[in-house]
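Here the structure is laid out as structure tokens; the discussion comes afterwards.
The values are calculated or read from the model by the stated rules, or taken from the named source; none is laboratory data. Quick caveat: nothing in here was measured; it's all calculated off a predicted structure. Note that each Cβ is placed from the backbone with ideal geometry, even for glycine, and that neighbours are counted across all protein chains shown. When the accessible area is computed, the model is the full protein with side chains, heavy atoms only, and any ligands, DNA or RNA have been set aside. Shrake-Rupley method; radii C 1.70, N 1.55, O 1.52, S 1.80 Å.
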Amino acid sequence: YKVTTKVFWLLLLIIIGLTACQSNFMEQQNGEENPTNPELDLLAKQLRESSYPLVLGDNILSEENMEQIGLNRGFTIFGIAKATDGTKEFYQVNLEIIKHLVQNRGIRVIGFDMNFSSSIYLNHYIHSGQGDLINILLTKLYDWEWKTEGFVQVVDWLKEYNSDKADSQKVSLY
């Protein structure tokens, strides 16, 4: 599957920015200041102020939760962070948010914090419907958190969503 240069560089910048924010945030959590990079300090502060913990329940996408996490506002990039890797609850919430963003907000590119070259195989799978997902997960993705039932549900939903869409309307995963 061909990835445009623009999408690649955008995703790379997002990953670099999030990595820098996480590093800076960890320093601030440990009580250390970072006077050498005030831009990162400001970004980390804004992330802390705009973060909203979700509580699992019957209606994860209630109007209150959607307003709190910004699903009712216009945006071009939406990030979902997790406190742990591979938990069932994370994938349940993630899938519901992804469904909402794709079906109601027109989002067509989803980025996960995984190896980019591995995501190419998943993206081809959800676009073409060809291949064996379990084989892709076992042979192309090296981190264990992607080899979970919850992540399989996310990928299967994306593949099903894309199955009857024109190429321009398909969701991509990186």
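Seen from Gln153, the other residues with C-beta closer than 12 Å to its C-beta sum to a net charge of -1, counting Lys and Arg as +1 and Asp and Glu as -1.
Give, in nm to one decimal, the length gained when the segment between Ser128 and Trp144 is fully stretched (0.36 nm per residue of separation minus the Cα-Cα distance). If you can, show how the numbers build up before the last one.
Working: separation 16, 0.36 × 16 = 5.76 nm, distance 2.45 nm.
Working it through step by step, the gained length comes to 3.3 nm.
Measuring nothing but protein heavy atoms, the accessible surface of the range 89-174 at 1.4 Å probe radius is 47 percent carbon and sulfur. For Ser172, the amide hydrogen comes within under 5 Å of the amide hydrogens of Val109, Ile110, counting only partners 5 or more places away or on other chains and with H modelled in the peptide plane.
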